[in-house]
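Structure first, commentary second.
The values are calculated or read from the model by the stated rules, or taken from the named source; none is laboratory data. Everything quoted here is computed from the prediction, not taken from an experiment. All Cβ positions, even for glycine, are placed from backbone atoms using ideal geometry, and neighbour counts span all protein chains on display. Note: accessible area is taken over every heavy atom of the protein model, side chains too, but ligands, DNA and RNA are not part of it. Shrake-Rupley method; radii C 1.70, N 1.55, O 1.52, S 1.80 Å.
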Amino acid sequence: MKFVDQVLSLFLSGCLVLATAPGGFAAQAGQSAAPPPVQPAQQTPQQLQQLVAPIALYPDALVAQILAAATYPDQVVVADRWLQQHTNLKGEELGKEVDKQSWDPSVKALTEFPSVLANMDKNLSWTSSLGDAYVNQQQDVMNAVQLMREQAEKAGNLKSTSQEKVSKQGQTIVIEPADPQVVYVPEYDPWLVYGAPIGIWPGWYSYPGLYLGGPGIAFGFGFGIGFFGGFGWGWHNWGYDWHHHGIIYNHNTYISHSRVFVNRNNFNRAGGFHGAGGFHGGSSGFHGSAAGQHGFSASHAQSGTHSGAFSGFNHGGAARGFSSRGQSSFGGFHGGGFGGGGFHGGGGFHGGGGGHR
C-alpha cells in the first residue's frame with residue numbers, strides 16, 4: 001500500500017510538471033532558447049473571493065489547515081484514498097496510523113475532518129488553485145476571507161451559535177468552536193450565503209455534509225477532536241495570525257515545503273527560481289529537477305477560468321477523472337462517516353442544535 005501511495009503521488013507530481021511547465025521543456029529542448037519571461041498571473045480580488053467562498057466561514061484553525069494542505073494537492077489525493085481504504089480505523093487507533101504517514105502535518109490534521117478532505121480531493125482543480133493562490137498571494141487570500149465574512153455577517157448569516165463563536169478583534173472577524181473539544185463544520189451554499197449571489201467557481205462540485213441547498217448556515221454532527229489531541233499535528237496546534245496574515249502551526253509561523261507550485265515572488269531577474277529544487281511530496285519523497293530549470297513557469301488560465309497547477313489539464317477531464325477515480329471502487333458516500341471525526345450528516349441534521357459524538 002505504501003508503494004501504491006508513492007506511485008500515486010509520483011504520478012500526480014509528474015502531471016503537475018506537464019501542466020505547469022509547457023514552456024520549460026521546450027526551452028530545454030532548444031539549448032540556445034532564452035527562458036521566457038515570468039508572467040505575474042495574479043488573480044483578481046473578485047477571483048480570490050470566489051475561490052475562498054466555500055471555506056471562508058469555517059473556523060479559523062480549519063481554514064489554516066485547508067490552506068496549508070492545499071499546497072500539497074498530491075498528498076490530499078493520497079490521504080483521501082488512504083482513508084477510504086481504512087474505514088475500519090477509529091479514534092486514537094486512526095490517529096496512530098495517520099501519524100505514521102509521511103504527509104504534511106496539515107494533511108494529517110484534515111483526516112480528522114474526512115468530509116473536508118474528500119471535498120478537496122473531489123474538487124482537485126479548486127484545491128490546487130487555492131494552494132497556488134496561497135503560495136503567491138497569501139495576504140490577498142486572507143483579505144478575501146475577511147471580506148467574505150463581512151458580507152455574510154451583513155447578510156445576517158454569520159453570528160455566534162451553540163456550535164461556533166463569532167467575534168471581532170478590531171475589524172477582523174474571528175470564528176472559533178463554541179466548545180473547544182468539538183468542531184462543527186458549517187454547511188452552506190457558498191454562492192448564496194454572502195447575500196448577493198456570486199459566480200460559481202468553474203467546475204466546483206458540492207459535497208454531502210458540507211453543502212446546504214438553500215439560504216443560511218446549518219450544522220450537522222460535530223467532530224470530537226480529543227482523539228487526536230496527543231499528536232503534534234492535532235487541532236490545537238493550528239490557528240491563524242490575522243495581523244501578520246500567516247498560518248500558525250505549533251506556535252510558529254507555518255511554512256509549506258511543497259514544491260508543487262512555483263512561488264513567482266522568488267524568481268530572480270534572469271528567470272531562475274530560488275529554492276525550487278523539484279517536487280517534494282510527503283508521500284513520494286520524489287525530487288525532480290524540472291522545477292529548477294530555466295523556463296519553468298506556471299501556466300494560468302484567462303480570467304474567468306481555473307488558475308493554478310491543474311488548470312492546464314483539467315479541461316481535458318484528467319484532474320476531475322483522477323479525483324473521482326476510486327469512488328465507484330470503494331462505493332458510495334465516503335465523507336464524515338469514517339475516521340476520527342465521527343459522522344457528519346449530509347443535510348439530515350440541519351438546525352442549530354446538532355449533536356456530537
* To do: Please verify whether the range 150-165 includes one or more residues that are of a type in the set (Gly, Ala, Ser), in contact with a helix residue (DSSP H, G or I) (Cβ under 7 Å, 6 or more places away or on another chain) and open to solvent by less than 30 Å² (accessible area, probe 1.4 Å).
  => no
Those residues of the range 59-75 which are part of a helix (DSSP H, G or I) and β-branched (Val, Ile, Thr) amount to 63, 66
If we keep only residues of the range 131-144 that are touching a helix residue (DSSP H, G or I) at 6+ places or on another chain (Cβ under 8 Å) and more than 18 Å from residue 192 (Cβ to Cβ), then the residue surrounded by the most Cβ atoms within 10 Å (Cβ to Cβ) is 131
Listed by range, strands (runs of 3 or more DSSP E) wholly within the range 168-271 having at least 2 residues that are within 17 Å of the chain's Cα centre (by Cα), in contact (Cβ under 8 Å) with a residue 60 or more places away in the chain and farther than 19 Å from residue 120 by Cβ are 246-249
For the range 40-56, pairs from a residue that is at positive phi to a residue that is of a type in the set (A, V, I, L, M, F, W, C) and buried (at least 22 other Cβ atoms within 10 Å of the Cβ), with Cβ under 7 Å and 6 or more apart or across chains, are 41/298
Subset of the range 47-93, residues among the acidic types (Asp, Glu) and modelled with pLDDT of 95 or more, comes to 60, 74, 80
A careful count of residues in the range 147-167 that are more than 26 Å from residue 111 (Cα to Cα), of a type in the set (S, T, N, Q) and in contact (Cβ under 8 Å) with a residue 40 or more places away in the chain gives 2
Note: among 99, 104, just one is open to solvent by 40 Å² or more (accessible area, probe 1.4 Å) and at pLDDT 95 or above, namely 99
Selection over the range 207-225 where residues are open to solvent by 50 Å² or more (accessible area, probe 1.4 Å) and within 26 Å of residue 247 (Cβ to Cβ) yields a count of 1
On the given criteria, is residue 189 open to solvent by less than 30 Å² (accessible area, probe 1.4 Å), charged (D, E, K, R) and out of contact with any strand residue (DSSP E or B) (no Cβ under 7 Å at 6 or more places or on another chain)? yes
When residue 138 is run through (1) in contact with a Phe, Trp or Tyr (Cβ under 8 Å, 6 or more places away or on another chain); (2) modelled with pLDDT under 95, the failure sits at (1)
ask   = Is there a residue being crowded, with 18+ Cβ neighbours inside 10 Å, hydroxyl-bearing (Ser, Thr, Tyr) and at pLDDT 95 or above anywhere in the range 168-176?
value = no
